[in-house]
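I'd like to ask some things about the structure below.
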Amino acid sequence: MALNHEPKVKKKKPGKEVVSTEEKESKSEMYTRDASVDWYRRPAIKAKTGGWKAGSLLLVNQGLATLAFYGVEVNLVLFLTRVLKQGNAEAANNVSKWTGTVNIFSLIGAFLSDSYWGRYKTCVVFQLIFVFGLLMLSIISNSFLLQPFGCGHGGSPCKNPTTIERGVFYVSIYLIALGNGGYQTTIPTFGADQFDGKDSKEAHSKVAFFSYFDLALNLGSLFSITILAYFEDEGKWTLGFWMSSGSALIALLLFPSGIPWYRHFAPSGNPLSRFSQVVVASLKKWRCESPSHHTQLFEVDGKESAISGCRKIVHTPDFKFLDKAAIMTENNFTKDRPFHDPWLLCTVTQVEEVKCILRLLPIWLCTIIYYVVFTQMASLFVEQAAAMKTDISGFHIPPASMSTFDILSATAFIIFYRKLFIPCLHRVRKNPTGLTELQRMGLGLITAIVAMISAGFIELIRLRYVKEVDKPSSLSILLQIPQYVLIGASEVFMYIAQLEFFNAQAPDGLKSFGNALCMTSMSLGNYFSSFLVGIVMGITRKDHKAGWIAENLNQGHMDKFYFLLAALTAIDFVIYVICAKGYRSISYETRDEDQEEIEMQMLV
């Protein structure tokens with residue numbers, strides 16, 4: 001007879017064991033409760049996995065990868081004008097398209113992460129592509145584009161590149177876009193996975209992680225827009241690109257060192273097929289009458305949903321037509337078909353997954369215009385700075401390095417918000433989390449409007465200080481500081497709130513897709529910026545005029561373009577407020593152990 005060392009249990013009913021409260025608390029303390037697993041697919045132990053040990057490593061990885069990416073992005077517009085000899089408007093458009101493509105590629109990373117590869121493998125694969133693209137860019141620039149040696153400076157022109165050289169250059173930067181896009185949509189979700197949202201202490205750390213993630217992003221880019229931007233502005237492009245490659249390589253080698261600590265979630269399958277099944281099943285039953293109560297709709301038994309590793313979602317009355325996919329009919333279950341066909345019958349959770357995404361779309365669409373504003377920092381702000389006085393007391397300030405003030409502003413606002421504002425709000429209103437994500441995103445839009453108005457007025461003043469049309473204005477480049485500070489503040493409100501919002505509101509099986517929505521709003525913002533510049537130039541260049549964004553900015557009126565963006569953002573803000581007021585948050589079914597914990601906390 002085998003010895004039984006298991007703790008004694010009491011029996012309520014035949015066949016059902018009731019575990020003692022002490023055993024439940026012991027198990028709850030030992031393992032995570034969010035179904036995360038370790039590298040060996042065993043339940044994750046709290047003391048040995050996740051937490052800030054794994055989270056801090058991912059933040060360092062993010063900082064190094066960001067340093068590498070911004071080493072290319074921050075001065076790309078100047079590389080296109082000085083080395084590839086493109087005009088201001090063409091270069092600004094190409095940068096917007098490239099930046100937009102970076103974020104479009106995030107959809108690929110999100111799909112592979114959520115569906116098949118999981119987040120760890122997705123991060124590794126796309127970091128490899130990222131490093132390869134940087135190495136290719138470094139080689140092609142050094143060996144072919146930057147000829148003769150030392151060219152690429154403002155006063156040292158380069159030879160005209162051949163078609164093949166241009167082609168290889170674009171392949172390299174779009175490989176960088178693919179690698180960074182697929183990685184950036186997955187790494188914040190993977191970082192959030194390291195904190196158990198069902199543990200009260202780790203839940204607060206999970207929210208804080210997104211703020212520190214943005215802080216790591218800003219600190220990583222700080223080196224790029226100061227040291228690397230200075231080297232590249234002086235024509236030392238090869239040194240800047242090789243340093244970016246080295247930083248990305250270190251990040252890649254560092255990432256696997258956290259394997260013993262990382263927590264993982266199994267991929268939940270192809271979301272496209274699940275979405276299609278809901279639509280098809282709804283259309284097939286469009287004549288069916290909806291039941292009087294949602295409890296009559298189909299749902300699997302048990303604590304977990306039919307979607308692997310996902311919680312059940314509470315039914316909502318929105319988009320009632322989709323509920324028809326969960327209506328049970330005579331043909332759903334037969335002797336020949338003991339299990340339901342997902343193309344004929346879907347669970348309530350599967351239907352609600354589609355509803356969640358549909359509810360997110362209006363909020364997502366309202367964030368696109370913000371990134372039209374944000375992308376100007378990497379294009380028109382740099383060109384504006386290049387047309388100003390860049391020498392201060394004998395020291396040359398590279399135009400791209402003005403983004404330093406955006407980073408310093410964002411860093412200061414993150415620290416202020418988390419260390420001062422939230423504690424004060426907690427004492428006054430007993431609110432431990434501060435403003436909601438939707439409120440902060442609204443503040444981000446308001447701050448972006450003010451930033452564009454500030455940039456417009458600075459451009460008006462810059463034009464007044466132009467003494468000779470073919471020379472930069474005598475207005476100091478430091479007058480750009482307010483617009484960069486405002487962009488930094490808006491980034492804290494919008495970007496961090498977006499990460500938190502889409503991560504929290506996306507269903508369990510679509511967490512990376514939630515971050516991809518954030519990235520694609522950036523992408524579409526960049527594409528719309530490029531489209532808008534084209535439309536504006538097409539209209540304002542009529543009758544042989546120079547246009548608002550002229551080749552020589554002293555002959556243009558970029559201030560009017562900035563004011564146009566401010567007006568568009570104001571209109572967008574009004575629409576956003578309407579959408580945010582009507583938004584319905586996702587709600588999961590409370591499982592037995594969750595209910596017991598809630599009751600215990602109420603007793604305490």
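Of everything in the stretch 135-171, what is at positive phi and touching a Lys or Arg at 6+ places or on another chain (Cβ under 8 Å)? Give them in sequence order.
Result: Gly152, single match.
Next question. Would you confirm whether or not the stretch 312-322 contains a residue that is among the β-branched types (Val, Ile, Thr), touching a strand residue (DSSP E or B) at 6+ places or on another chain (Cβ under 8 Å) and either within 22 Å of Glu437 (Cβ to Cβ) or open to solvent by 50 Å² or more (accessible area, probe 1.4 Å) (or both)?
yes
Okay, next question. Filtering the stretch 450-493 down to residues that are small (Gly, Ala, Ser) and over 14 Å from Tyr562 (Cα atoms), which residue is most open to solvent (accessible area, probe 1.4 Å)?
Checking each candidate, the answer is Ser474.
Could you count how many residues in the stretch 12-51 are within 21 Å of Pro188 (Cβ to Cβ) and either at pLDDT below 55 or open to solvent by less than 90 Å² (accessible area, probe 1.4 Å) (or both)?
Residues meeting the conditions: 10.
Sticking with this one: Working only within the stretch 507-525, note down all residues that are open to solvent by less than 10 Å² (accessible area, probe 1.4 Å), over 12 Å from the mean Cα position of the chain (by Cα) and within 17 Å of Cys366 (Cα to Cα).
Hit for the stretch 507-525 is Gly525, nothing else.
Among Tyr116, Tyr120, which is the only one that is touching a residue at least 12 places away in the same chain (Cβ under 8 Å), touching a strand residue (DSSP E or B) at 6+ places or on another chain (Cβ under 7 Å) and in a helix (DSSP H, G or I)?
Going through Tyr116, Tyr120 in turn, just one is touching a residue at least 12 places away in the same chain (Cβ under 8 Å), touching a strand residue (DSSP E or B) at 6+ places or on another chain (Cβ under 7 Å) and in a helix (DSSP H, G or I): Tyr120.
Tell me which residues, restricted to the stretch 259-300, are open to solvent by 40 Å² or more (accessible area, probe 1.4 Å), touching a helix residue (DSSP H, G or I) at 6+ places or on another chain (Cβ under 6 Å) and in a helix (DSSP H, G or I).
Result: Phe275, single match.
Which condition breaks for Leu380 when tested against (1) open to solvent by less than 10 Å² (accessible area, probe 1.4 Å); (2) at pLDDT 90 or above; (3) among the hydrophobic types (A, V, I, L, M, F, W, C)?
The number of the failed condition is (2).
Moving to a separate point now. Could you list, in sequence order, all residues of the stretch 481-493 that are in contact with a Ser or Thr (Cβ under 7 Å, 6 or more places away or on another chain) and within 17 Å of Tyr371 (Cβ to Cβ)?
Gln483, Tyr484, Leu486, Gly488, Ala489, Ser490, Phe493
Somewhere in the stretch 105-112, is a residue in contact with a helix residue (DSSP H, G or I) (Cβ under 6 Å, 6 or more places away or on another chain), closer than 24 Å to Gln62 by Cβ, outside any helix (DSSP H, G or I) and touching a residue at least 24 places away in the same chain (Cβ under 8 Å)?
For the stretch 105-112, residues in contact with a helix residue (DSSP H, G or I) (Cβ under 6 Å, 6 or more places away or on another chain), closer than 24 Å to Gln62 by Cβ, outside any helix (DSSP H, G or I) and touching a residue at least 24 places away in the same chain (Cβ under 8 Å): present.
Can you name the residue in the stretch 532-549 that is over 24 Å from Gly100 (Cα atoms) and in a loop (DSSP other than H, G, I, E, B) and, of all such residues, is least open to solvent (accessible area, probe 1.4 Å)?
Gly547
Look at Ile487 and say whether it is part of a helix (DSSP H, G or I) and farther than 17 Å from Met558 by Cα.
Criteria met by Ile487.
The rows are residues; the columns are (1) under 30 Å from Phe416 (Cα atoms); (2) small (Gly, Ala, Ser).
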| position | (1), (2) |
| --- | --- |
| Ile487 | yes, no |
| Gln505 | yes, no |
| Ser523 | yes, yes |
| Asn526 | yes, no |
| His544 | no, no |
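Does Leu358 satisfy the condition of being open to solvent by 10 Å² or more (accessible area, probe 1.4 Å), in a helix (DSSP H, G or I) and under 27 Å from Ser96 (Cβ atoms)?
So Leu358 does not fit the description; no.
Out of the residues in the stretch 550-586 that are outside any helix (DSSP H, G or I) and in contact with a Ser or Thr (Cβ under 8 Å, 6 or more places away or on another chain), which is surrounded by the fewest Cβ atoms within 10 Å (Cβ to Cβ)?
If we take residues in the stretch 550-586 being outside any helix (DSSP H, G or I) and in contact with a Ser or Thr (Cβ under 8 Å, 6 or more places away or on another chain), then Arg584 is surrounded by the fewest Cβ atoms within 10 Å (Cβ to Cβ).
So, in the stretch 79-88, how many residues would count as being in a helix (DSSP H, G or I), open to solvent by less than 10 Å² (accessible area, probe 1.4 Å) and in contact (Cβ under 8 Å) with a residue 60 or more places away in the chain?
Total meeting the criteria: 1.
Also: Which of the numbered conditions does Gln62 fail, given that it passes all the others? Conditions: (1) of a type outside the set (Lys, Arg); (2) farther than 15 Å from Phe255 by Cα; (3) modelled with pLDDT of 90 or more.
With respect to (1) of a type outside the set (Lys, Arg); (2) farther than 15 Å from Phe255 by Cα; (3) modelled with pLDDT of 90 or more, Gln62 is out only on (2).
Here's the yes/no breakdown for (1) at pLDDT below 85; (2) more than 29 Å from the chain's Cα centre (by Cα); (3) of a type in the set (Asp, Glu); (4) more than 24 Å from Ser115 (Cβ to Cβ):
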site	(1), (2), (3), (4)
Ser138	no, no, no, yes
Cys151	yes, yes, no, yes
Gly154	yes, yes, no, yes
Lys206	no, no, no, no
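Does Pro342 fit the bill of being assigned to a helix (DSSP H, G or I) and either acidic (Asp, Glu) or in contact (Cβ under 8 Å) with a residue 60 or more places away in the chain (or both)?
Considered against the rule, which asks whether it is assigned to a helix (DSSP H, G or I) and either acidic (Asp, Glu) or in contact (Cβ under 8 Å) with a residue 60 or more places away in the chain (or both), Pro342 comes out as no.
Got at least one residue in the stretch 401-417 being open to solvent by 70 Å² or more (accessible area, probe 1.4 Å), farther than 14 Å from Met494 by Cα and touching a Gly at 6+ places or on another chain (Cβ under 8 Å)?
yes
If you don't mind, another one. Filter the stretch 495-520 down to residues that are among the aromatic types (Phe, Trp, Tyr) and within 19 Å of Ile369 (Cα to Cα) and give me whichever is modelled with the highest pLDDT.
Here the residue is Phe501.
Sticking with this one: Considering only the stretch 144-158, I want to know if a residue exists there that is among the aliphatic types (A, V, I, L, M), in contact with a helix residue (DSSP H, G or I) (Cβ under 9 Å, 6 or more places away or on another chain) and either outside any helix (DSSP H, G or I) or under 19 Å from Glu73 (Cα atoms) (or both).
So far as the stretch 144-158 goes, yes, one or more of its residues are among the aliphatic types (A, V, I, L, M), in contact with a helix residue (DSSP H, G or I) (Cβ under 9 Å, 6 or more places away or on another chain) and either outside any helix (DSSP H, G or I) or under 19 Å from Glu73 (Cα atoms) (or both).
The values are calculated or read from the model by the stated rules, or taken from the named source; none is laboratory data. Since the model is a prediction, treat every value here as computed from it, not as a measurement. No Cβ is skipped: glycine too gets one built from the backbone with ideal geometry, and neighbour counts run over all protein chains shown. Just so you know, the surface numbers come from the protein's heavy atoms only, side chains and all, with ligands and any DNA or RNA stripped out. Shrake-Rupley method; radii C 1.70, N 1.55, O 1.52, S 1.80 Å.
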